[in-house]
Amino acid sequence: MVASDGFTAEVGGMVEMPLSLYCRYRTRLSADDDRRPAASSIPGDHRHPETRSVHDLVGRAVAMESTVWTAGWMLDVDGLGIYVSEADTGPSPGSSAFEVYREAGSDPAAPVPEPGTWTRVRGQLSIAEPYETGAYEPEAELLRHAVRTWLVHRIVRLDGRSGSGGLPQGRGEDVTVVQHTGLRYSAAWSTLGYLLDLEHADHEGP
């Protein structure tokens, strides 16, 4: 998922970027669990703007010097660093109807896992924006751990609008390019962002 004004991509092209995960579920793995890096996903259907693919990842918490985010940390999944932010347990006054909240049975958002802790997380992947990556120290070292080159297989533009009773509706349309100059904002449908189907293209690393 990407909604950055400065990001461009096209089907068949390459992009370099780090990933972030909006974590709705997290649990620490015990010594009896299978402590191996893993990744799987459940596809979304785009009927709701936040009903996109949900990824289940297993990895180890990365050591950091600091972050300005109270519930921010990084997960290493087989050598790939992914920036993690934690979902709230429930809506706050005035919150958007498009928000995703923490699942039942999850560990609380804070404290975040200690470095080296084997952890399972579940949530939605997106591109880690500069305002996110710049909040982690040491910034340059962590970025080297996170940035990868990806081949773009598919791009889906996500549009949303308010339905009956104010409930949000969403839809997806295949496009060939991420084009923010063509974003649509109207009383009917507004472009919320793009989904990218990516394949890792580096010669080294995961």
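No value in this document is a laboratory result; all are computed from the given coordinates. Here the structure is a predicted model, which is why all the values come from computation and not from measurement. All Cβ positions, glycine included, derive from the backbone under ideal geometry; neighbour counts span all protein chains shown.
Annotations for the structure displayed:
- Distance (nanometres) between label positions extended 7 Å along Cα→Cβ at residue 147 and residue 70: 3.2
- Packing order of peptides 60-71, 126-137, 76-87, highest average first: 76-87, 126-137, 60-71 (average count of other Cβ atoms within 10 Å over each peptide's residues).
- Positive minus negative residues near residue 29 (Lys, Arg vs Asp, Glu; Cβ under 14 Å): 0
- For the pair segment 26-45 / segment 106-169, the C-alpha centres are spaced 16 Å from each other.
- Separation of the residue 161 and residue 201 label points, Cα + 7 Å toward Cβ, nm: 3.5
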